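Below is one structure, written out as structure tokens; the observations come after it.
The values are calculated or read from the model by the stated rules, or taken from the named source; none is laboratory data. Model, not experiment: these values are computed from the prediction. Note: ideal-geometry Cβ built from the backbone for every residue, glycine included; neighbour counts use all protein chains shown. Keep in mind that these areas ignore ligands, DNA and RNA; they rest on the heavy atoms of the full protein, side chains included. Shrake-Rupley method; radii C 1.70, N 1.55, O 1.52, S 1.80 Å.
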Amino acid sequence: MTKKVNIGLVGYKFMGKAHSNAYRKMPMFFNTEAIPVLKAICGRTEKAVAEAARKFGWESYETSWEKLVKRKDIDLVDITTPNSTHKDIVLAAAAEGKDILCEKPLAMSLQEAEDMLRAVEEAGVKHMVCFNYRKVPAIALAKKFIDEEKLGRIYHFRAIYLQDWISDPDFPLVWRLRKELAGSGAHGDLNSHIIDLARYLVGEFDRVIGMQETFIKKRPRLKETEDLTTGLTAEAAKEMGEVTVDDTTLFLAKFKNGAVGSFEATRFAPGRRNYQRIEINGSKGSILFELEDMNKLWFYSCDDPDNAQGFRRIQVTEQVHPYINAWWPPGHIIGYEHTFVHVVYDFMRAIDEEKNPSPSFRDGVECQRVMDAVEKSIREGRWVKVKQ
């Protein structure tokens, strides 16, 4: 029996477009009783949000998120706005009994994240953080291999997430470069993704030690005509302002199961548009994944005969692979936008099964716990325990 789930989306730019596309595409490819309905999209600038509603296929729009979360015809509130807004919207939506999907990082701090988790649990609503890279079929296959102990005991997790979109010192001071709006820079934006993948694939963190740097201390402010929530592109004014977040953060980690890890996130890697790479080494084999070649998983097994040793490239497009049987014939690849479709599918399936989807706000809290420990280690110049 079909159950309509009326969506209220807060935000209409980069992530707003990705989420809108996912809600539209999911019912076309996946079968769930819960079906998302694009009920209302929200943004502060009426002309722009009205155009987004028309273009993305939303039934209506709002210019106040406070009004949106109180609407009786909204079942699920989806939050894609700057990090500084997450907590207020989550608390209000939970108080109204709405299910919630929130972009990462969940919050500006561990305390905020814990407050948000407490609110959704007390309200009894479903909650999910959009760590969409868990939903890459190759990553889901890697998880399956690890759970089946094909890698044996895990020794190493190493990850990098490299971008270059602010390497130009004349790029303006968008919200992602302001601590009061973003909380942190490359650390929260990029490290949060690979921290979550490490927890998903390897396990919980025990302790960390980090370093970070802000290479460009001042940048041109935004033109007055630019929206404060402008993302990866913007026009600069002549006046200068202070960058208050990190440009790069690196850290080492020790996991509770004895594995060790290294993490690097930067926005100053010219030529690297969205380069995420993870490698996991264990007693029986290794796994390698690169986001810019996301339909492939590289797998090395120590059990292979001596005359056939080497990394094998698995094209993760067969019908037996996670999520793939809903898409195209073998060899017909999927892309970045499909990870958001998978997020929506998993949420709708959780509604069908009356359980909470994964990753939940609890995963958001644990990710924030690691990020905060890294920042503390940088301030104090020492290893810091990640306290559960």
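Among the candidates ARG369, ARG313, single out the residue that is surrounded by fewer than 21 Cβ atoms within 10 Å (Cβ to Cβ), under 28 Å from VAL77 (Cα atoms) and charged (D, E, K, R).
None of the other options fit; the residue is ARG369.
Going by what's in this entry, would MET211 be described as in a strand (DSSP E or B) and surrounded by fewer than 23 Cβ atoms within 10 Å (Cβ to Cβ)?
Yes.
Residues checked against (1) open to solvent by 20 Å² or more (accessible area, probe 1.4 Å); (2) part of a helix (DSSP H, G or I):
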{"residue": "VAL5", "(1), (2)": "no, no"}
{"residue": "GLY8", "(1), (2)": "no, no"}
{"residue": "SER20", "(1), (2)": "no, yes"}
{"residue": "ARG24", "(1), (2)": "yes, yes"}
{"residue": "ALA40", "(1), (2)": "no, no"}
{"residue": "ALA48", "(1), (2)": "yes, yes"}
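For the range 125-137, which residues satisfy the criterion of being aliphatic (A, V, I, L, M) and either surrounded by 24 or more Cβ atoms within 10 Å (Cβ to Cβ) or within 20 Å of the chain's Cα centre (by Cα) (or both)?
MET128, VAL129, VAL136 - these are the residues of the range 125-137 that are aliphatic (A, V, I, L, M) and either surrounded by 24 or more Cβ atoms within 10 Å (Cβ to Cβ) or within 20 Å of the chain's Cα centre (by Cα) (or both).
For the range 113-124, state whether one or more residues are loosely packed, with under 15 Cβ neighbours inside 10 Å, out of contact with any Pro (no Cβ under 8 Å at 6 or more places or on another chain) and under 26 Å from HIS338 (Cα atoms).
no
Can you tell me which residue among LYS179, LYS104, LYS98, LYS150 is assigned by the TED database to the domain that holds LYS70 and over 18 Å from the mean Cα position of the chain (by Cα)?
Only one candidate qualifies: LYS98.
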